[in-house]
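Please treat every number below as a calculation from the coordinates, not as lab data. Computed from a predicted structure; not experimentally measured. Cβ coordinates were reconstructed from backbone atoms using ideal geometry, including for glycine residues, and neighbour counts include every protein chain displayed.
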Ligand code: MEV
């Protein structure tokens, strides 16, 4: 039926079917992730080798449709591998969930009984937390927040959680819904409350994707002299200063910060996707974090001091290596295997290192050759593939476009002329 929306329904149908998995069971798994699926949407699955992270070598899986990203990540990783690699640390793993509710009574009375409420919430959710506690996680804290100065009768129960190797959305949301039931029951049955005080209106229960206490740091550093020389006759010291200024610009100016952070997310999203994690959650959180002091700024920082070049990134990354799609998606499972089945914390470190590598590669190009040179090289490769250029033809085209501006029509004209001349020879 849906194919009738297309001009060539039969051809479109054949095309859609061509992307179905040949194994029906595998296709059923993919279909199960969503609704109304009619086919699969293939994306390139690439590998970025040469990542040395805390002394261990990784080949990082990346799912991304933008050319140059994987090449840039691999190139930056190789550059830093020769300079000690990436060093990472986990700054926190706490996740947050909220029960938003309305209650019309005296605020101080609510605070007065909150310890009892909290005890009840923890008791009632014990069954749900038992397994997580056995794994070393669970509920870390339960707080009452008062928003009545902004909205009449509005309060929040803010839960803090440690969800071990899972991203934890289901765990947190289930507990929050249990909290809501317990909260209602508490006020309904408490002796010292009467009338409207007995009624709690639950507005909603949901985890927060903002996790400013689930943060990883990735950094690279080396003596300035060890940075080497760069195209255009730029020496190490000049490069370091230009690079640092480029990062500073992304601190000062939100227009630049957005593009700067987009480059970081080129790397981050690609690994998040390849490992079956939720890239929307990661992006939403990262951008909120980037604006945590009231202005949207660069997520990475750079210092050039005492003869050392340092470049680092601190970013919240709520990811999992169990649960969700991580083990269900056949390729996500392979990605995790490729990364030696990391814990969630190790995956946070790998993802942050990839984001930092991506950011380094982008800034290195921007402050030296400009971004288009590398992009055009990739663009040229794609155009040559479209024209089925032979190795010899490709070499000739590359030679010609070393100094000329690459465009689709330019390459087409050059190839046509070259082919015509070769056929006459
Ligand atoms: C392109 O996808 C990403 C860059 O624009 C990032 C940046 O400007 O830092 C190159």
If eta is 1.002 mPa s and T is 20 °C, what Stokes-Einstein diffusion coefficient results for segment 55-130, Kirkwood Rh from Cα pairs, in µm²/s? 116 µm²/s
Distance histogram for segment 279-371 (every C-alpha pair counted, 10 angstrom bins, percent rounded to whole numbers): 14, 36, 32, 16, 2
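Pull out the extension gain between residue 190 and residue 366, defined as 0.36 nm times the separation in residues minus the alpha carbon to alpha carbon distance; nm, one decimal. Write out the running numbers ahead of the final one.
Working: separation 176, 0.36 × 176 = 63.36 nm, distance 6.46 nm.
Using 0.36 nm per residue and subtracting the Cα-Cα distance, I get 56.9 nm.
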Per 10 Å bin, what percent of the C-alpha pairs of segment 95-208 does each bin hold, from zero upward? 14, 48, 28, 9, 0
Percent of Cα-Cα pairs per 10 Å bin, from 0 to the last occupied bin, for segment 156-243, please list those. 13, 25, 15, 13, 12, 10, 8, 4, 0
The FRET efficiency for residue 375 and residue 160, from their Cβ-Cβ distance with R0 = 41 Å and rounded to 0.05, is 0.40
Could you tell me whether segment 1-111 comes out rounded, prolate or oblate from its Cα gyration tensor? Rule is a ≥ b ≥ c as square roots of the eigenvalues, rounded for a/c under 1.5, then prolate if a/b exceeds b/c, otherwise oblate. oblate
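List the equivalent ellipsoid semi-axes of segment 185-338 in whole Å, largest first, each obtained as the square root of 5λ for an eigenvalue λ of the Cα gyration tensor.
Numbers: eigenvalues 373, 102, 34 Å².
They are 43, 23, 13 Å, listed from largest to smallest.
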Angle, helix 344-366 long axis vs. longest principal axis of the chain, Cα atoms, 0 to 90°, nearest 10? 40 degrees
Within segment 351-373, list the residues whose amide N lies under 20 Å from a label point set 7 Å along Cα→Cβ of residue 235. 367-369
Sorted by Cβ density within 10 Å, fewest first, the residues 59, 285, 214: 59, 285, 214
What FRET efficiency would be calculated for the residue pair residue 78, residue 253, taking the C-beta separation as r and a Förster radius of 35 Å, to the nearest 0.05? 0.70
Measure nothing but the geometry: give the 0 to 90° angle between the long axis through the Cα atoms of 69-81 and the longest principal axis through the Cα atoms of the chain, rounded to 10°. 90 degrees
Could I have the simple spin-label model distance between residue 102 and residue 37, label points 7 Å from Cα toward Cβ, reported in nm to one decimal? 4.1 nm
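Could you work out [θ]222 nm for the chain from helices alone, using -39500 (n - 2.57) per DSSP H run of at least four and dividing by all its residues? Round to the nearest 500 deg cm²/dmol.
My calculation for the chain gives -16000 deg cm²/dmol from helical runs alone.
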So, in nm, how far is label residue 308 from label residue 119 when the simple model puts each one 7 Å beyond its Cα toward the Cβ? 5.1 nm
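Taking segment 263-325 on its own, what percent of its Cα-Cα pair distances exceed 19 Å?
Working: 810 of 1953 pairs.
Counting pairs separated by more than 19 Å, the tail of P(r) holds 41 percent.
Using a/c under 1.5 as the rounded threshold, could you call segment 301-425 rounded, prolate or oblate? The axes a ≥ b ≥ c are square roots of the C-alpha gyration tensor eigenvalues, and prolate needs a/b larger than b/c, oblate otherwise. Don't jump to the answer; show the numbers that get you there.
Numbers: a/c = 4.19, a/b = 1.73, b/c = 2.43.
Since a/c reaches 1.5 but b/c is at least a/b, the shape of segment 301-425 is classed as oblate.
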Packing-based order for 239-249, 20-30, using average beta carbon neighbours within 10 Å, highest first: 239-249, 20-30
Could you sort the peptides 388-396, 96-104 by per-residue average Cβ neighbour count (10 Å cutoff), highest mean leading? 96-104, 388-396
Where labels lie 7 Å past Cα in the beta-carbon direction, separation of residue 57 and residue 17 in nm: 4.6 nm
Segment 358-413 to segment 262-325: how many Å between their Cα centroids? 29 Å
Taking a cut-off of 30 Å, what percent of all Cα-Cα pairs in the chain are separated by more than that? 57 percent
